[in-house]
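Starting off with a structure, shown below.
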Amino acid sequence: MWTFTFRRVLIMIPQILLLSIVIFFLAKMMPGDALTGLIDPNIGPEAIEAQREKLGLNDPWHVQYWNWITNLFQGDLGQSFQHKLPVTEIINQRLWNTFWLSVLTLILTYLIAIPLGLISGRYNDTISDRIITGYTYIGFAAPVFIFALLMLFIFGFQLGWFPTGGSVTPGTVPGTWSFFLSKVYHMLLPALSMALITTVSTVQYLRSEIIDTKQKDFVLLARSKGVSETRIYRKHIFRNSLLPIAAFFGYEISGLIGGSIFIENIFSYPGIGQLFLSSLMQRDTSVVTALVLLFGIASILGTLISDLILSIVDPRIRMK
Amino acid sequence: MEHSGFRILWREIVRDKLALISLIFFMMMVAFVFGISLFLDESEIVTVDLFAIHEPPSSQFWLGTDYGGRDVFGQLIIGTRNSLSIGILVTLISGIVGITMGVVSGYFGGTVDNILMRILDFFMILPTLMIVIVFVSIVPNYGVMSFSLIMSVFLWMGIARLIRSKALQEKELDYVNASKTAGSSHLKIIFKQVLPNISSLIIVTMTLNLAANIGLESGLSFLGFGFPESTPSLGTLVSYARNPQTLEYRWWIWLPASLLILILMLSINNVGQALKRATDAKQRRG
């Protein structure tokens, strides 16, 4: 177990290194550099050139990369020329909004997936199973952004049940109960829109897992011993089917990242997905670079978590 | 015997009413959109007309007009054509790259396999959506072809993996060994024997990928990282809904395009799922 964990963590080092190199070159290719926003039109070209020299923008690429990566390790992601603030500070303001939105989405995903998967697996080929399978068909095909727009249109604008933007009602005091409630209220519709789509693959997986398990010998044995049907499902089948599902949660992270870009844009929710798009439009290179790196590392970590959980659940994986 | 694989695929679709209806609908849609757009004056549709801003549907403008006074129905037809073209193009390019990588990797194995798989691993860890968005914002001017190329660079990995594992199984089979002993060249074995034997798998994957790629393209256009407004895609029309006023009061601009994306992706997926069942003898209906 420990050798597997060690080896698996070790693989991440070249992965993150490669990711950082790609992102570094992307940043180089982007129009505008760290100087663009700082230039005063009254300064002559010689002064600009001197400034470039001072900032190290004329150094060969490997020197620049080295400087960038060592700064990175010291927690210095550079300066945003749009906001005139350190990048870490800007990201920090938005990061928690996205974090809590993702947590709520994950909770809702499993809250929807487990009962639906259980029902359609246990009573397969009945009417309720057909309805659930039909829903998973549609959810599998529907793009998140279309579904989220329809949800916003119906529940936000037409029915007026939910707020249509922002992350909190203006004027509420941070730290109070009503502040917390207002936060959750603002997150509910975006999180639900995303969860209803992302949950689909988990429902499908749980369903086929239960249909497989319920034909196994140990279930037959339990049944012949006279164990009640409810108990069989709760104690025997459900437990065995649930572990692989739990392991998928790490893989969900990269899906959540992609989704958050769309969801935050549609619900004007001030998170890092929205920050990414607005920084890109304003050519704020240092923020964009930091965010792509952050998202990349997050999904590498997510895969790591899932691989580790899976190796605990299924020891055969460790053999590879 | 030669085409029995395709016959099984076809039979499965005919047995599955929903898939058959979906296929017919999709074919009609393609014929309709490409046919009608021949008669539409594209430059007239995308020209701004300030005297006809935000008009609701009428007999002149079947689906009203957008904020530039442009006919939404015409844009819907052209947009569907553009979205379909890009979707098909991306599916083909990424498919060809993925199949080549997968077959070469699986068939030759060894060092070749090792190198190609490390390249694949590298692409797998990239946050695809974000990198594509950044790329699109870097490239100053792009057309249908270069846009499709950018997307394809980051989308070939799934199919390559699938084809590789299948090719690994195939090359161990006796018919490949027999051909080798008989002196056939590697190219001949790959093209005449291995590829035809995994063709049904390729068709299934490409069909499902087509739906996903149409979704991705419209998603990018929705975010504003697709084509300019003068080259409307389905996502461009949906993106007008990012203006809350349009979302709330002018359904005719964004709702038809949204529903069309939904129906298109559903019908392609239905066909794909039926084909997928056909490749697995356990699940076949017919």
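The numbers here are math on the coordinates, done by the rules we state, and not lab data. Values in this document were obtained by computation on a predicted structure and should not be read as measured data. No Cβ is skipped: glycine too gets one built from the backbone with ideal geometry, and neighbour counts run over all protein chains shown.
If you average 1/r over every pair of different alpha-carbon atoms in region B:5-278 and take one over that average, what Kirkwood value in Å do you get? Working shown, then result.
On the way: mean 1/r = 0.0484 Å⁻¹.
Result for region B:5-278 stands at 20.7 Å.
Okay, moving on. If the cut-off is a Cα-Cα distance under 16 Å, which lysines reach residue A:235, setting aside same-chain residues fewer than 8 apart in sequence?
Partners found: A:214, A:216, A:225.
Could you work out how far the C-alpha centroid of region A:11-31 sits from that of region A:130-195, in angstrom?
Each part's Cα centre sits 34 Å from the other's.
Using DSSP loop states and a limit of at most 12 other Cβ atoms within 10 Å to flag trypsin sites (Lys or Arg not before Pro), what is the longest stretch of chain B containing no flagged site? Please report the intermediate quantities before stating the final value.
Details: sites that count: B:282, B:285.
By the stated rule (loop sites, at most 12 other Cβ atoms within 10 Å), B:1-281.
Over all pairs of distinct alpha carbons, what does the Kirkwood formula give as the hydrodynamic radius of chain A, in Å? List each step's numbers first, then the result.
Details: mean 1/r = 0.0435 Å⁻¹.
One over the average 1/r among Cα pairs gives 23.0 Å for chain A.
Test of understanding: what is the full-extension gain from residue A:92 to residue A:50, defined as 0.36 nm times their sequence separation minus their Cα-Cα distance? Intermediate results must be reported in sequence, preceding the final value.
Working: separation 42, 0.36 × 42 = 15.12 nm, distance 3.26 nm.
Answer, rounded to one decimal: 11.9 nm.
Okay, moving on. Among all lysine pairs in chain B that are eight or more places apart or on different chains, how many have alpha carbons less than 30 angstrom apart?
Taking the Cα cut-off of 30 Å, the pair count is 18.
How big is the shadow of the Cα convex hull of the protein assembly as shown, averaged over all directions, in nm²? Provide the component values of the computation, followed by the final result.
On the way: hull surface 142.9 nm².
For the Cα atoms of the protein assembly as shown, the hull's average projected area reads 35.7 nm².
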